[in-house]
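To start, the structure itself, in structure tokens.
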Amino acid sequence: MERLRAQDPLHSLHRGNLNEFFTALEGVSHFVYLAWNLGHDRPISQLEMELQAEVDKYCLAAALFARQLGGIPDELHPLLFERVRYDAQLERDEHQRYSAANHHAKRYCRALYERFLRPRHGHRVTRELRHFYRLWHRRKIQRIDTFCTA
């Protein structure tokens, strides 16, 4: 957190504060998503929470980069979804959950970029993300499947 105070990502997101930004954002994403679902009497799975956090990390970083740099760096998507290293001490089911969340988020965020972010349709991506956020676990996966093939 100290690095984020010294190098505020809201003013300048860069390689030096990106990992800390993602770590903090993942915790906030989990908390907000859990609270939102509890407030709506909806159960959630750990996979659903991890998937939402991956989407949140990509979208918020993309929004910050777009505002700060005038565009989204090409390396953001591969950095988040292809250059992933999992802790070797993860249990098998944990590894599968993180891997599945990464796989689905990778597809969804690539489609978001191609459909909305690259052509700069900000209002449309906001509408899509609000819809996606409110979907239940299985419906999120179904949405990714249909959204990515449309």
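When Cα Rg over 2.2 N^0.38 Å is calculated for this entry, the matching label among [x] 1.09; [y] 1.04; [z] 1.24 is [y].
Measuring nothing but how far apart in sequence close Cα pairs (under 8 Å, 6+ apart) lie, relative to its length, the chain scores a relative contact order of 23 percent. For the chain, modelled as a GNM whose springs connect Cα atoms under 10 angstrom apart, the maximal fluctuation among G39, G27, G16 occurs at G39.
Just checking the listed ones, L25, L90, L76: in the Gaussian network model of the chain with Cα springs under 10 Å, the one fluctuating most is L90. Residues of the stretch 65-89 with amide nitrogen under 11 Å from the 7 Å Cα-to-Cβ point of L25? Under cut-off, by backbone N: 65-66, 76-77, 80. Computed from label points 7 Å out along Cα-Cβ, the spacing between L38 and Y86 is 2.8 nm. The simple Förster model, with R0 at 41 Å and r as the Cβ-Cβ distance, assigns E94 and R120 a FRET efficiency of 0.65.
None of the figures in this text is laboratory data; all of them are computed from the coordinates on show. These numbers come from a predicted model, not from an experiment. Counting neighbours? That spans all protein chains shown, and the Cβs are built from the backbone with ideal geometry, glycine included.
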